[in-house]
1. Give me the pairs, please: first residue somewhere in the range 144-160 and touching a residue at least 60 places away in the same chain (Cβ under 8 Å), second residue anywhere and surrounded by 10 or more Cβ atoms within 10 Å (Cβ to Cβ) and part of a loop (DSSP other than H, G, I, E, B), beta-carbon distance under 6 Å, and either six or more positions apart or on two chains.
2. Restricting attention to the range 183-205, which residues are out of contact with any strand residue (DSSP E or B) (no Cβ under 9 Å at 6 or more places or on another chain), modelled with pLDDT of 80 or more and either within 25 Å of residue 93 (Cβ to Cβ) or part of a helix (DSSP H, G or I) (or both)?
3. How do the pairs read when you match residues in the range 184-200 that are farther than 13 Å from residue 153 by Cβ with residues anywhere that are outside any helix (DSSP H, G or I) and modelled with pLDDT of 75 or more, using Cβ under 7 Å and keeping only pairs 6 or more apart or on different chains?
4. State all residues of the range 208-225 that are surrounded by fewer than 21 Cβ atoms within 10 Å (Cβ to Cβ), part of a helix (DSSP H, G or I) and touching a residue at least 12 places away in the same chain (Cβ under 8 Å); if no residue qualifies, say none.
5. Tally up the residues in the range 33-59 that are under 17 Å from the mean Cα position of the chain (by Cα) and more than 20 Å from residue 170 (Cα to Cα), please.
6. Residues to consider are 244, 270; find the one that is at pLDDT below 75, surrounded by fewer than 24 Cβ atoms within 10 Å (Cβ to Cβ), in a helix (DSSP H, G or I) and more than 18 Å from the chain's Cα centre (by Cα).
7. Any residue at all in the range 152-173 that is under 17 Å from residue 57 (Cα atoms) and modelled with pLDDT of 80 or more?
8. Only one of 134, 77 is surrounded by 15 or more Cβ atoms within 10 Å (Cβ to Cβ), modelled with pLDDT of 85 or more and part of a helix (DSSP H, G or I). Can you tell me which?
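The values are calculated or read from the model by the stated rules, or taken from the named source; none is laboratory data. Source: prediction; values computed, not measured. Because the Cβ atoms are built from the backbone with ideal geometry, glycine has one as well, and the counts that use them run over all protein chains shown.
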C-alpha cells in the first residue's frame, strides 16, 4: 500500500469517526484507534498519539463556540482540569509501560460501556440547594435557553473531582478524551444540567488530551504523517455532524447506529487483545 493510498484511507475513516463522534458527543477516538490498529495494523501507541492530537484539534474548535454562547461553565472546567490533567499524565506514563494486549482489552471494555451510555437520553438536573464547596469556589452558574436564563447549583464537588481524576487516567491510557466519563461525573454526580455538562466536558477534553500528548510526544509516539490526515478528517467530520445535529429533530437513530458499530468494534478489539494480535 502506497503512502497516498494509506493517507486517503485514514482521511475517509477519520471523517466518519469525527461525524459519529460529533453526533453522539463521545468524540472520534472511539473509531480512530480501532481503525488504525485493527484495519491498518498501526502500533496502538502511535494510534493513541494520533487520536490525542485529533481530540485537541476538535475540542479547541467546538469549545470556543460554546464558550461564546455562554453555556460552558469555565470556572468549573478549570477547577476540574486540575484532576483531569494530573490523571491524564499518570495514564499516559502508565500506557508506556503497559502491554498493548491489556490496553486493547481495556479499550474494548470502555467502548462497550460507552455504547450503552450513549443510548440513554439525558434530562436536565436543576438542583436548587447549594453545597458548601460549590459556594466557596463560586462554581454555581447559569446558562441561556429559549425560555430565558436558567440558574443551577453544583453539588458533590469532591466526588466529581475524584471521578475526573479517573477520567483523566483513562484518557491518557487510551487516548479517547474520556468525554463520556466527564459527562457522567458532572451530570450524574454533580447534578449539572446535561447541556452544560457536555459543553464543559468539550472545553476540558482538549486540555486533558494535551497533557497526555506531551508524554507521547517525548516518547516519539506522535507521527506527523499519521496525525495530520487524522486531524483533517476528524475536523471535517465533526463540522458535518454539527450541521446534521442542528437540523435533526431526533438523534435516537444515531445513538442506536453508534452503539451497534461500537459494540462490534469493541468485541473485535477485546478478541484481538486476548489473541495478542494488537
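1. 144/70; 154/139; 154/140; 154/190; 160/190
2. Step one: filter the range 183-205 for residues out of contact with any strand residue (DSSP E or B) (no Cβ under 9 Å at 6 or more places or on another chain), giving 183-190, 194, 197-198, 200-205.
Okay, now just the ones that are also modelled with pLDDT of 80 or more, so 186, 189-190, 197, 200-201, 203-205.
186, 189, 197, 200, 201, 203, 204, 205 - these are the residues of the range 183-205 that are out of contact with any strand residue (DSSP E or B) (no Cβ under 9 Å at 6 or more places or on another chain), modelled with pLDDT of 80 or more and either within 25 Å of residue 93 (Cβ to Cβ) or part of a helix (DSSP H, G or I) (or both).
3. Pairs found: 189/156; 195/71; 195/143; 199/71; 199/72; 200/72; 200/73.
4. Narrowing the range 208-225 to residues surrounded by fewer than 21 Cβ atoms within 10 Å (Cβ to Cβ): 210, 214, 217-220, 222-225.
Right, trim to part of a helix (DSSP H, G or I) and you get 210, 214, 217-218, 224-225.
Hits for the range 208-225 are 210, 214, 217, 225.
5. Let us first name the residues in the range 33-59 that are under 17 Å from the mean Cα position of the chain (by Cα), namely 33-35, 47-59.
Filter once more, so that each one left must be more than 20 Å from residue 170 (Cα to Cα): none.
Within the range 33-59, residues that are under 17 Å from the mean Cα position of the chain (by Cα) and more than 20 Å from residue 170 (Cα to Cα) number 0.
6. On the way: 270 fails: at pLDDT below 75.
Going through 244, 270 in turn, the sole match is 244.
7. Step one: list which residues in the range 152-173 are under 17 Å from residue 57 (Cα atoms), which gives 171-172.
Filter again for modelled with pLDDT of 80 or more, leaving 171-172.
Looking through the range 152-173, at least one residue is under 17 Å from residue 57 (Cα atoms) and modelled with pLDDT of 80 or more.
8. Working: 134 fails: modelled with pLDDT of 85 or more.
Answer to the check: 77.
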